[in-house]
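Here the structure comes first, spelled out in structure tokens, and everything after it is commentary.
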Amino acid sequence: MANYDLTTRIAPNLDRHLVFPLLEFLQDRQMYDDDHILKAKIELLNKTNMVDYAMDIHKSLYHTEEVPQDMVERRVEVVARLKSLEEAAAPLVSFLQNAAAVQELRADKQYNLQMLNEKYQIGSVQIEALYQYAKFQFECGNYSGAADYLYQYRALCTNSERSLSALWGKLAAEILMQNWDIALEELNRLKEIIDSKNFASPLNQVQSRIWLMHWSLFIFFNHDNGRTLIIDLFNQDKYLNVIQTSAPHLLRYLATAFVVNKRRRPQFKDFIKVIQQEQHSYKDPITEFLACVYVNYDFDGAQQKMRECEEVILNDPFLCKRVEESNFSTVPLRDEFLENARLFIFETYCRIHQRIDMRVLAEKLNLNYEEAERWIVNLIRGSKLDAKIDSQTGTVTMEPNHPNVYEQLIDHTKALNGRTYKLVSQLLEHAQSQAAR
């Protein structure tokens with residue numbers, strides 16, 4: 001299943017700390033040689049302040065209690081730097097730990113800055129020190145402390161770029177602590193800024209959206225309402241166009257969300273067109289399954305892809321989760337996916353066959369005749385299929401469904417708009433690369 005592993009595509013769009021959970025998953029699944037994963041961890045850790053963790057991994061990798069001298073020296077540097085930053089930020093940290101003093105703060109940042117300077121001798125130097133201290137804490141793996149300090153920093157910061165950087169750090173920290181509700185709030189704040197901010201270049205905004213969608217995978221496949229929220233975000237035109245132009249592998253996650261989410265069927269039809277358009281740029285068993293069912297009507301191929309989908313889901317760090325049902329119980333996302341996948345096959349089969357033998361269907365569904373009849377009646381009603389059941393002949397007769405000309409025109413217009421956006425994005429990227437030369 002390593003052929004379907006997306007870690008190498010996802011990791012470049014994550015903070016390096018967010019890559020560690022993915023490597024832990026790969027190590028647990030034993031998809032790669034253990035030494036290969038340990039070396040990848042050390043390479044990541046070399047760019048952080050988590051020196052003790054790097055030492056432990058080095059010992060495991062090389063089966064020794066000795067560590068390189070450069071790691072020892074690096075640890076001394078980190079401890080000294082942490083102490084220096086702690087001292088620089090101490091005046092502001094002490095103020096923030098004083099509940100009575102904090103009550104003097106207001107929503108007006110300029111007032112706060114003036115009050116802090118006049119009454120507590122805290123100025124821009126100490127506020128900047130708090131940011132550096134929070135950032136250093138994050139690099140050391142103290143995500144809880146980093147999240148608190150970054151939150152407090154943003155309440156005082158008047159520099160929009162620095163505030164945005166702090167928000168990215170706060171989001172990463174909440175994800176790593178698995179605080180999914182808070183992480184979702186930070187994600188929404190970040191999305192609002194990205195969508196409304198005037199970027200120096202449209203490509204910078206595109207890159208920010210790419211990062212946002214990759215980081216959001218941690219939240220959407222752990223939050224109770226995540227399978228709906230990922231559709232709300234990824235299926236927006238401006239985000240879906242970015243996926244098509246720059247990150248087509250994210251189609252796996254949007255496709256999975258559509259399969260397990262029965263409340264988003266009206267948007268599903270347009271998404272199938274995206275799957276069809278992007279088959280040349282990205283495909284895996286999940287997207288191929290949808291293409292088999294809704295594009296090629298290859299039901300034998302769909303059954304084969306459905307079996308492969310199960311393996312992909314089990315070996316994907318985001319998809320191997322549990323989903324909440326209406327009765328507040330949870331089931332593996334895999335089970336929900338496979339149940340709905342079978343339903344998709346059946347629905348599509350009914351739509352393209354005018355007359356269906358119910359006895360054959362009952363056998364395929366592993367039901368007796370009466371149970372199959374009731375199941376099919378409910379399915380027809382739920383899917384709004386124009387069909388009739390003839391109990392005397394034991395058949396289901398499907399009425400022809402003629403496409404609406406106006407709907408076809410709208411569909412073609414949407415497809416043209418998507419292709420135009422993709423072309424413009426490519427031209428902008430080319431123009432910037434030429435200018436950089």
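The values are calculated or read from the model by the stated rules, or taken from the named source; none is laboratory data. Owing to the predicted nature of the structure, the values given are computational and were not obtained by experimental measurement. Here the Cβ is made from the backbone with ideal geometry for all residues, glycine too, and neighbour counts use every protein chain on show. Protein only, heavy atoms only, side chains kept; ligands, DNA and RNA dropped before computing areas. Shrake-Rupley method; radii C 1.70, N 1.55, O 1.52, S 1.80 Å.
Points to keep in mind about this one:
- Restricting the stretch 64-87 to residues that are in contact (Cβ under 8 Å) with a residue 24 or more places away in the chain and more than 18 Å from Glu43 (Cβ to Cβ), the residue that is least open to solvent (accessible area, probe 1.4 Å): Leu85
- Among the residues making up the stretch 179-205, those that are of a type in the set (A, V, I, L, M, F, W, C) and either modelled with pLDDT under 95 or touching a strand residue (DSSP E or B) at 6+ places or on another chain (Cβ under 6 Å) (or both) are Phe199, Ala200, Leu203.
Let's see how each residue does on (1) surrounded by fewer than 14 Cβ atoms within 10 Å (Cβ to Cβ); (2) touching an Asp or Glu at 6+ places or on another chain (Cβ under 8 Å):
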residue: Arg9; (1), (2): no, no
residue: Asn13; (1), (2): no, no
residue: Asp34; (1), (2): yes, no
residue: Ile37; (1), (2): no, no
residue: Ala40; (1), (2): no, no
residue: Asn46; (1), (2): no, no
residue: Met50; (1), (2): no, yes
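- Among the residues making up the stretch 15-24, a single one is crowded, with 18+ Cβ neighbours inside 10 Å, under 18 Å from Leu314 (Cα atoms) and in contact (Cβ under 8 Å) with a residue 24 or more places away in the chain: Leu22.
- The residue pairs whose first member lies in the stretch 218-229 and is without any contact (Cβ under 8 Å) to a residue 24 or more places away in the chain and buried (at least 24 other Cβ atoms within 10 Å of the Cβ), whose second member is in a loop (DSSP other than H, G, I, E, B) and acidic (Asp, Glu), and whose beta carbons are closer than 6 Å, counting only pairs six or more residues apart or on different chains, do not exist in this structure.
- Within the stretch 91-143, the set of residues being of a type in the set (Gly, Ala, Ser) and either open to solvent by 60 Å² or more (accessible area, probe 1.4 Å) or assigned to a loop (DSSP other than H, G, I, E, B) (or both) comprises Ser94, Ala99, Ala100, Ala107, Gly123, Ser124, Gly141.
- Residue among Ile175, Ile127 that is closer than 30 Å to His223 by Cα and among the β-branched types (Val, Ile, Thr): Ile175
- All positions within the stretch 88-110 that are basic (Lys, Arg) and touching a residue at least 24 places away in the same chain (Cβ under 8 Å): Lys109
- Here Tyr239 meets each of (1) under 29 Å from Gly382 (Cβ atoms); (2) open to solvent by less than 10 Å² (accessible area, probe 1.4 Å) with one exception, condition (1).
- Hits in the stretch 333-365 (condition: of a type in the set (Asp, Glu) and under 24 Å from the mean Cα position of the chain (by Cα)): Asp335, Glu336, Glu339
- Residues that are within 23 Å of Gln244 (Cα to Cα), in contact (Cβ under 8 Å) with a residue 40 or more places away in the chain and of a type outside the set (D, E, K, R), drawn from the stretch 161-212: Ser201, Pro202, Leu203, Val206, Ile210, Trp211
- Scanning the stretch 250-302 for residues that are outside any helix (DSSP H, G or I) and touching a helix residue (DSSP H, G or I) at 6+ places or on another chain (Cβ under 8 Å) returns Asn261, Glu278, Gln279, Ser281, Tyr282, Lys283, Asp284, Val295, Tyr297, Asp298.
- Lone unmet requirement of (1) over 25 Å from the mean Cα position of the chain (by Cα); (2) at negative phi for Thr48: (1)
- Count of the stretch 1-23 residues which are among the charged types (D, E, K, R) and either more than 28 Å from Val78 (Cα to Cα) or at pLDDT below 95 (or both): 2
- So Tyr120, is it at pLDDT 95 or above, of a type in the set (Ser, Thr, Tyr) and over 27 Å from Asp224 (Cα atoms): no
- In the stretch 385-403, the residue that is modelled with the lowest pLDDT out of those that are part of a loop (DSSP other than H, G, I, E, B) and open to solvent by less than 50 Å² (accessible area, probe 1.4 Å) is Leu385.
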